[in-house]
Amino acid sequence: MESGALIELHAHILPQMDDGSESVEMSLAMLQALAGMGVGTVCATSHYYARENSITMYLARRAAALNALHSAIPAGSSLPRILPAAEAAYFRGMEEHHPERLCIENTRTLMLEMPFSEWTDQQTEAVTVLALDLHFNVVLVHPERFCFSSNNRRRLKELASLPIALQVNADTLLHWRSRKQGLELLELTSTPLLGSDCHNTTSRPPNLKGGREMVLRKLGEKFLDRMDENARMLTVPHLVTE
């Protein structure tokens, strides 16, 4: 893919929104690092937790953070464009609370973080409703973090058989202990995706390039191209449906 055409689907790049970027200056440094990796579009997936904010309050905070960052970007800059989005933590009844407001801007793509616990029938059924009945493009983020039990692995495999995407973190592929599982998850789904889940410039910096190189090495160029096309399709505005 040509330089500047890559899409970073998962980045905590908005200043002071969550446990990601601490300042506008850090956000700019993260954007610069992503630009150096050939990224032209970044989805700003700040955490959304229903227990902390209403969706309306969250969107207002996100708009203010995005405005502060945009105001600091020099005119004519070659930094990536920023798409407002969210890493929406699952909450009971979310399918009834207009989750389209948490999707990547102007799409039906919902970046969903499942609970860090044993998943229940009710939770996986809700995800099924989001995907099949409400026609969201559900992306389960970093599924590798939830494979700590046979129950969750079974349920994840069932969900992966649906039209649901799995977004593995690049960092998972860069460590030998987790690489095998990350690659298996990418191959498990019909819609594999990669994201850096970057939070800062030190302990969790943008690392999309390294993850992509590992996919190329282990799964091949066609697989990498397929992931890029999946990311493109999930971020283009024409995916909005009535």
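Here are a few things to note about the model shown:
- Relative contact order %, segment 64-121, counting alpha carbon pairs below 8 Å whose residues are six or more apart: 32 percent
- Candidate membrane-span-like segments in the chain, meaning DSSP H helices with Cα atoms spread over at least 24 Å of their own axis and a Kyte-Doolittle mean of -0.5 or above, are 55-72, with no membrane implied.
- Over the chain, accessible surface divided per residue gives 46 Å², non-protein components excluded, 1.4 Å probe.
- Take every Cα pair under 8 Å whose residues are at least 6 apart in sequence, average their separation, divide by the length of the chain, and the relative contact order is 21 percent.
- For chymotrypsin sites (Phe, Trp or Tyr not before Pro), the sites in segment 67-161 that DSSP calls loop and that have at most 13 other Cβ atoms within 10 Å are Phe116, Phe148.
- Each Lys or Arg adds one and each Asp or Glu takes one away; over the other residues whose Cβ falls under 14 Å from the Cβ of Gly211, this sums to 0.
- Shape call, segment 166-242: gyration tensor on alpha carbons, a/c limit 1.5: oblate
The values are calculated or read from the model by the stated rules, or taken from the named source; none is laboratory data. Values in this document were obtained by computation on a predicted structure and should not be read as measured data. Ideal geometry is used to build each Cβ from the backbone, glycine not excepted, and the neighbour counts take in all protein chains shown. All accessible areas refer to the heavy atoms of the entire protein, side chains included, with ligands and DNA or RNA removed. Shrake-Rupley method; radii C 1.70, N 1.55, O 1.52, S 1.80 Å.
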